[in-house]
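In what follows, a structure is listed as structure tokens, so that the remarks can point back to it.
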Ligand code: XMP
């Protein structure tokens with residue numbers, strides 16, 4: 001039995017012991033896990049830590065700005081912000097296979113990260129926000145034979161390539177514990193309580209090929225959906241909620257015009273670790289309101305559907 005305050009102190013001592021006078025580099029994803037890891041490590045070793053945020057242009061609305069301002073302004077943690085949207089989107093042009101997308105993004109992420117690491121003179125350690133479920137899920141999916149359902153995006157492969165050792169202070173923790181640790185470290189509630197967001201970002205929420213236009217359309221729909229969820233006081237009851245932009249166009253009518261636009265699917269699930277999930281049972285009136293707003297406010301979408309699939313047999317993300 002331990003408290004988060006004790007865990008924090010123990011890990012700080014561990015990190016100091018492991019790192020010594022070495023330099024640590026941490027890749028921020030924009031999510032809670034890497035942010036909590038970075039803040040904890042910064043508390044342990046101060047400016048021996050540099051954070052690198054590779055912005056692939058596949059983030060949600062306003063997300064990149066929030067991360068950069070949190071680290072630079074609130075915590076004074078050295079942060080390199082790389083805007084690599086063009087690089088990622090041009091490389092993803094015409095790529096529609098889910099694993100091909102994941103592999104391209106993972107590889108490009110590592111390339112950019114490595115280049116930035118070299119610019120700051122390299123590092124001895126790579127910090128990651130790996131959680132306990134990541135450790136299990138990458139070994140085996142459901143306790144059965146090891147099968148790759150999806151290649152999860154992280155900076156795997158990089159430590160060997162750059163001859164770095166790993167610092168993973170969250171490896172024993174589940175998501176709810178990471179949030180508790182984040183609060184213990186003084187991270188704002190709104191940040192700590194954020195829904196998980198996958199490394200490959202919006203790329204795996206746009207089945208088929210990806211364009212900047214589609215990303216912009218999806219960002220708008222997603223922001224409306226999340227705004228309504230927050231206004232209804234449901235955000236914290238949901239593990240993850242997001243919009244998906246389908247590569248299917250359907251016919252609709254607006255005023256006296258025929259429309260022919262994309263379908264948007266809404267997903268919301270409850271879960272404790274992401275390994276299994278149940279659909280969130282919204283009131284149909286709530287969903288109708290979100291659908292109306294999205295179709296009225298987002299040019300490029302004229303139909304909205306709700307995903308009723310639990311995990312398993314579905315996965316949480318669509319790709
Ligand atoms: P799935 O879709 O496999 O997702 O049911 C389970 C949880 O993992 C997140 N996810 C990812 N997280 N890199 C990440 O850091 C990834 O490549 C990735 N793919 C899925 C997903 O959002 C959900 O919370």
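All of the numbers you see were taken from the coordinates with simple rules; none came from a lab. Since the structure is predicted, the reported quantities are computational estimates derived from the model, not experimental observations. All Cβ positions, glycine included, derive from the backbone under ideal geometry; neighbour counts span all protein chains shown.
Worth pointing out:
- When both segment 181-234 and segment 244-259 are represented by their alpha-carbon centers, they are found 24 Å apart.
- The chain shape via C-alpha gyration tensor axes, a/c threshold 1.5: prolate
- Rounded FRET efficiency, nearest 0.05, which uses the C-beta distance separating residue 299 from residue 132 and R0 of 45 Å: 0.60
- Length gained when the stretch residue 119-residue 251 is fully extended (0.36 nm per residue, less Cα-Cα span): 42.4 nm
- On Cα atoms only, tilt of 284-297 relative to the major axis of the chain in degrees: 90 degrees
- In this simple spin-label approximation, residue 292 and residue 166 carry label points 7 Å from Cα along the Cα→Cβ vector, and these lie 5.0 nm apart.
- Fully extending the segment from residue 190 to residue 309, taken as 0.36 nm per residue of separation minus the present Cα-Cα distance, adds 40.1 nm.
- On Cα atoms only, tilt of 32-45 relative to the major axis of the chain in degrees: 20 degrees
- Report summary: the helix-based calculation at 222 nm, which adds -39500 (n - 2.57) for every DSSP H run with n ≥ 4 and divides by the residues of the chain, gives -12000 deg cm²/dmol.
- Between residue 212 and residue 9, the C-beta separation translates, for a Förster distance of 41 Å, into a calculated FRET efficiency of about 0.35.
- Global geometry of segment 159-231, whether rounded, prolate or oblate, following the gyration tensor of its Cα atoms and the 1.5 cut on a/c: oblate
- An oblate overall shape is assigned to segment 1-49, the ratio a/c of its alpha-carbon gyration tensor axes (a ≥ b ≥ c) being 1.5 or greater and a/b not exceeding b/c.
- Rounded to the nearest 10 degrees, the inclination of helix 98-119 to the longest alpha-carbon principal axis of the chain is 40 degrees.
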